Structure formats: C-alpha cells, structure tokens
Amino acid sequence: MSKKKHFMVIAALLLLAFAIKTSVINVDTIVTGSMLPLFDTGDHVLSNQLAYGLNLPFQKQLWLQWATPKRGDVVLFKNPHDQHQTWMKRVIGLPHDSISFKDHHLYINGILCSPKDRYHEEIPRKDGSYGKSFRIWSSYLEKDWGPYIVPENTLFLMGDNRGVSLDSRTWGTLPQEYLIGKVIAQTWPLKAAHWLDD
C-alpha cells in the first residue's frame, strides 16, 4: 500500500472514531459533586448519544430529536449559558408537569416523591404508582418553592446532591435541543462499575 493510501485509511479511521465519540457513544469524567451519591468527582460514565436524537460534530444543538427523556433519566447536556461546558443532571419534570418542594420533600404533579424517607426518591407514574427509585442527598436549608409548571419542549433537571447542585431551581428549565445523551453506565472506578436502571 502506498503512503498516500495508508494516510487516507488512517485519516478515515480517525474521522470515524471522532464521529462515533461525538454522535454515538462517549465516556465522560465527572467533575463536580452535584450527582452524589450516585457519581463522585473523578468517576467515568458511559453515555448513549443516540438515546434522544442525533448530535452532529460541531453543532451546538440536537440536529434531529426522536425521543423525550423519561423522568428519572440521568442526562448529559450542553449548558445553554456556556455551550463549551457539558453538564449532567437527573430529569425530574417533563413538559406540563407541576414541580414543587414543601417541608423538605419533592412533589411531581402533587404526588410525593419520597414516600419512605427524605433520602430516597421514587418517580411517580401517571397512575400514581412509583417507577424509578434513587438515593439523594437532601438539604435542610432549602426553602419551600413551587408549584412550577414545566414549559413545552423543556425539562426540569436536578442534581442528586440537592444542597450543592446548580440546576433548574437556579437557572430554569432546559430546552430539549441542548440534550447530548443519556448516561447508561458507570465505567470507572472498576469496583463501582454498573449499568444504570432503565
């Protein structure tokens, strides 16, 4: 094989790897403690970047969206105020949901999300039963707020470490076109590696 063909093959493989990393699947490193106790600073996570739509390289927003996240999904997204930053939070509210916080408990559409204790939340379904369950670190300092109605085509996001997370409580809802993908697994450290419940 000539040097030119060799170079073309390597360039094509690098381009393919870049396209897969930016549009299909990616490994990201956690840089803050906003998702404790699920993820700690330095943990690595795997994200499915085709879960909700198609992200093209060098595009600032989803090029094509074909799915909406579910309540409880952990999502990666571009910070709408600084698109060079990638953030991770949990989806709490979908369009038209009513979100409120009273007496240190979260409510979605008037349904209590922590029926057992204030350190575990369960996502209510439309029929009133519970779906996804996860641990949180709550804050006694948070004051009551809401109800807040989630606008069309946006998501209400919160970090699991409620006392330190900057999320929809401070900067509002996320327009869905800023979604990057769904976190599907923790890959590092190996002793904590696991798939996220769907």
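Only the coordinates and a few stated rules stand behind these numbers; no lab work does. This structure is a prediction, so every number in the text was calculated from the model and none was measured. All Cβ positions, glycine included, derive from the backbone under ideal geometry; neighbour counts span all protein chains shown.
Report, by chain and number, residues whose modeled amide H sits under 5 Å from the one on Lys132, excluding near sequence neighbours (fewer than 5 apart, same chain).
Ile123
Please compute, for the alpha-carbon atoms of the chain, the extent along each of the three principal axes and give them in descending order in Å.
71, 39, 31
Count the net charge of all other residues whose Cβ sits under 13 Å from the Cβ of Arg125, scoring Lys and Arg as +1 and Asp and Glu as -1. All intermediate terms of the calculation are to be shown ahead of the outcome.
Details: positive: Lys70, Arg71, Lys126, Lys132; negative: Asp97, Glu122, Asp127.
Overall, the nearby charge balance is +1.
Going by amide H atoms built from the backbone, whose H comes under 5 Å of the H on Ile25, apart from near neighbours?
Amide H to amide H, under 5 Å and 5 or more residues apart or across chains, Ile25 pairs with Gln49.
So how many Å³ per residue does the convex hull of the Cα atoms of segment 158-198 work out to? Walk me through the numbers before you get to the answer.
Details: hull volume 4.6 nm³, N = 41.
Given the Cα convex hull of segment 158-198, per-residue volume reads 111 Å³.
Could you give me the ³J(HN,Hα) list for segment 33-43, computed from phi with Karplus coefficients 6.51, -1.76, 1.60 and θ = phi - 60°, whole Hz, x at Gly and Pro?
x, 5, 10, 5, x, 5, 10, 10, 4, x, 5
Tell me the mean residue ellipticity at 222 nm calculated for the chain from its helices only (DSSP H runs of n ≥ 4, each -39500 (n - 2.57), averaged over every residue, nearest 500).
Value at 222 nm, helices only: -4000 deg cm²/dmol.
In the neighborhood of Gln186, defined by Cβ-to-Cβ distances under 11 Å, what is the net charge if each Lys or Arg adds +1 and each Asp or Glu adds -1?
Neighbour charge sum, excluding Gln186 itself: -2.
So what is the relative contact order of the chain, in percent, for Cα pairs below 8 Å that sit 6 or more residues apart?
Computed over the chain, the figure is 24 percent.
When all C-alpha to C-alpha distances in segment 40-132 are sorted into bins of 10 Å, what percent of pairs does each bin hold, rounded to whole numbers?
13, 39, 32, 15, 1
Using 20 Å as the Cα-Cα cut-off, could you pick out the over-long pairs in Lys89/Lys126; Lys70/Lys143; Lys132/Lys191; Lys70/Lys182; Lys78/Lys182; Lys132/Lys182?
Over 20 Å apart, Cα to Cα: Lys89/Lys126; Lys70/Lys143; Lys132/Lys191.
Between the helical axis of 3-23 and the dominant principal axis of the chain, each derived from Cα atoms, what acute angle in degrees is found, rounded to the nearest 10?
For 3-23 against the chain, the angle is about 10 degrees.
Sorted by mean Cβ packing within 10 Å, highest first, what order do the peptides 121-128, 141-148 take?
Sorting 121-128, 141-148 by mean packing, highest first, produces 121-128, 141-148.
With Kirkwood's inverse mean 1/r over C-alpha pairs for Rh, give me the Rg to Rh ratio of segment 83-152, two decimals please.
Dividing the radius of gyration by the Kirkwood radius yields 0.98.
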